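Just so you know, all these numbers are worked out from the coordinates, no wet-lab data involved. None of these values were measured; they are calculated from a predicted model. All Cβ positions, even for glycine, are placed from backbone atoms using ideal geometry, and neighbour counts span all protein chains on display.
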Amino acid sequence: MGLKEIALGGIYLSPLLGYALIGFISAVVIRSCLHRFLRQQILWYEAWFDAALFILLTALAAFLFSVSGEAS
């Protein structure tokens, strides 16, 4: 997939939109698991943690898809 534009009905979309969606869904799943197991006792700054987790997972998705796109 890489970092090439995606044409959808004549509109060019950035692949970062898809990566952000993957990062958001992954962050929601990880966050809900952490809430269930840690019971909100360890995470002091929850909003900062949520933002950082989303950014890291989005960057990870972009990296993984760009590396797999170059390999094929």
What residues from region 44-61 fall in the zone where the backbone N is under 14 Å from a label point 7 Å along the Cα-to-C-beta line of ARG31? 44-58
Using Cα-only point scatterers and the Debye equation, what is log10 of I(q)/I(0) for region 6-71 at each q in 0.27 Å⁻¹, rounded to two decimals? -1.11
